[in-house]
1. Being over 19 Å from Tyr34 (Cβ atoms) and in contact with a Gly (Cβ under 9 Å, 6 or more places away or on another chain) narrows it down to one residue among Asp77, Asp110; which is it?
2. Does Tyr62 count as outside any helix (DSSP H, G or I), within 21 Å of Asn102 (Cβ to Cβ), open to solvent by less than 90 Å² (accessible area, probe 1.4 Å) and aromatic (Phe, Trp, Tyr)?
3. Please list, ordered by first then second residue, the pairs with beta carbon atoms under 7 Å, 6 or more apart or interchain, first in the range 105-121 and among the small types (Gly, Ala, Ser), second surrounded by fewer than 22 Cβ atoms within 10 Å (Cβ to Cβ) and outside any strand (DSSP E or B).
4. Examine the range 95-110 for a residue that is in a loop (DSSP other than H, G, I, E, B) and farther than 30 Å from Trp57 by Cβ, and state whether such a residue exists.
5. Give the range 80-90 a look and list any residue that's open to solvent by 60 Å² or more (accessible area, probe 1.4 Å), at pLDDT 80 or above and over 15 Å from Leu40 (Cα atoms), or say none.
Amino acid sequence: MNILFFLKPKNDVAYIYDYCTLRQVLETMEFHKYASIPMLNKEGEYVGTMTEGDLLWGIKNYTDLNVKKSETIFIKDFPRRADYDVVRADSDMEDLIKKAMNQNFVPVVDDQNKFIGIITRKSIIEYCFENMKQIEETN
């Protein structure tokens, strides 16, 4: 099965750039109600995923932080505990499922490492559930 069937395209996904400020990232994640968000560089390549935990640990290092100062702190300076593994657009279903077991979404990149969207663990589970129901109905 082609994994692009599950793709939520880039234009339907909120993401941040590594040159965004802390305030921009916080506001983007709050607005979209995301607990983690893909991060791209200015060339549109996936460079990592920023999580709420990464933000909390990074904020902890700024003891005199206030909203105004957050406009001068760039998100690329925040350490990330672990980046989400990506899949290429031509990956197989097995590779996708292996990655989705440990991540709530899987970033998808093309052959030039450009971010093209995400596949959510929810969409994979829904697909498996529907297939399971169909198998049960035929038995």
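1. Asp77
2. So Tyr62 does not fit the description; no.
3. Within 7 Å, the pairs are Gly117/Leu7; Gly117/Lys10; Gly117/Val13.
4. Yes, the range 95-110 contains a residue that is in a loop (DSSP other than H, G, I, E, B) and farther than 30 Å from Trp57 by Cβ.
5. Those that are open to solvent by 60 Å² or more (accessible area, probe 1.4 Å), at pLDDT 80 or above and over 15 Å from Leu40 (Cα atoms): Arg81, Arg88, Asp90.
For (1) without any contact (Cβ under 8 Å) to a residue 40 or more places away in the chain; (2) among the β-branched types (Val, Ile, Thr); (3) outside any loop (DSSP other than H, G, I, E, B), each residue gets a yes or a no:
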| residue | (1), (2), (3) |
| --- | --- |
| Met1 | no, no, no |
| Tyr19 | no, no, no |
| Glu30 | yes, no, yes |
| Met39 | yes, no, yes |
| Tyr46 | no, no, yes |
| Gly53 | yes, no, yes |
| Asn66 | yes, no, no |
| Ser70 | no, no, yes |
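The values are calculated or read from the model by the stated rules, or taken from the named source; none is laboratory data. For clarity, every value in this text was computed on a predicted model and none was experimentally measured. So basically every Cβ, Gly included, is an ideal-geometry build from the backbone, and we count neighbours across all protein chains shown. For the accessible areas, the whole protein counts, side chains as well, though only heavy atoms, and no ligand, DNA or RNA atoms are used. Shrake-Rupley method; radii C 1.70, N 1.55, O 1.52, S 1.80 Å.
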